[in-house]
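Trainee: My questions will all concern the structure given below.
The values are calculated or read from the model by the stated rules, or taken from the named source; none is laboratory data. What you see is a predicted model, and the numbers here were worked out from it, not measured in a lab. Please note: Cβ atoms are built from the backbone with ideal geometry, for glycine as well, and neighbour counts cover all protein chains shown.
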Amino acid sequence: MAFEDLLEDPVIQKYLHELVGPKGMPVAAAPPDGEVTDEELAEELDLELNDVRRALFILYENDLATYRRLRDEDSGWLTYLWTFEYDNIPENLEEEMYRLHEALEERREYERNHEFYLCEICSIRFEFGEAMDFGFECPECGSPLESMDNDRLVNAMDDRLDALEDELNLEA
């Protein structure tokens, strides 16, 4: 996938937005070619310097940006020159999908192995032990707790896991 196409992909845009947030998105969405300073980016994008630095640091933590330091011989000041490394985005997204798969599997097992009760007034869900401790009455409103069928939730998790396994070419 070409670099420009990568940035137009809505999945990648959402991924970048999740990482840097709305204030950092202008930094992430318009990476310059070559090296750039945080001050240059802030001026070019008309952003607060702290917002630019925060976005750059988050990109750096996620292996999407690198920097090199230059020391001014006269003043001793350090200048950071940033380079964007978006080639890692597909790999990072794949790692996120594996983490999601693992978390969903754990949650599905939790849902399968526990019995739940629901207060239909407050929409609060309790495990069997908690419901028993409360005498099967909602501690908030006193309404009786009803046994909850979570089959639809487990089935939805199964469907999502199947889709992830297809995407990741995993054997079920």
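Trainee: For the stretch 22-64, how many residues are small (G, A, S), more than 15 Å from T79 (Cβ to Cβ) and without any contact (Cβ under 8 Å) to a residue 24 or more places away in the chain?
Mentor: Of the residues in the stretch 22-64, 2 are small (G, A, S), more than 15 Å from T79 (Cβ to Cβ) and without any contact (Cβ under 8 Å) to a residue 24 or more places away in the chain.
Trainee: Quick check on the stretch 53-71: of everything there that is touching a Leu at 6+ places or on another chain (Cβ under 7 Å) and either modelled with pLDDT under 90 or assigned to a strand (DSSP E or B) (or both), which residue is surrounded by the fewest Cβ atoms within 10 Å (Cβ to Cβ)?
Mentor: The selected residue is R69.
Trainee: Take the residues in the stretch 154-172 that are of a type in the set (G, A, S) and under 21 Å from the mean Cα position of the chain (by Cα); name whichever of them is surrounded by the most Cβ atoms within 10 Å (Cβ to Cβ).
Mentor: The first filter runs over the stretch 154-172 and keeps only residues of a type in the set (G, A, S), leaving 156, 163, 172.
Adding the requirement that they be under 21 Å from the mean Cα position of the chain (by Cα) leaves 156, 163.
Details: A156: 13, A163: 11.
Among them, the one singled out is A156.
Trainee: Of the residues E61, E73, which single one is under 30 Å from G24 (Cα atoms) and not β-branched (V, I, T)?
Mentor: Just a single option satisfies the conditions, and that option is E61.
Trainee: Considering only residues of the stretch 76-104 that are of a type in the set (F, W, Y) and more than 16 Å from P26 (Cα to Cα), which is surrounded by the most Cβ atoms within 10 Å (Cβ to Cβ)?
Mentor: Applying the first criterion (of a type in the set (F, W, Y)) to the stretch 76-104 yields 77, 80, 82, 84, 86, 98.
From the residues that got through so far, the ones that are more than 16 Å from P26 (Cα to Cα) too are 77, 80, 98.
On the way: W77: 9, Y80: 16, Y98: 12.
Going through the qualifying residues, I end up with Y80.
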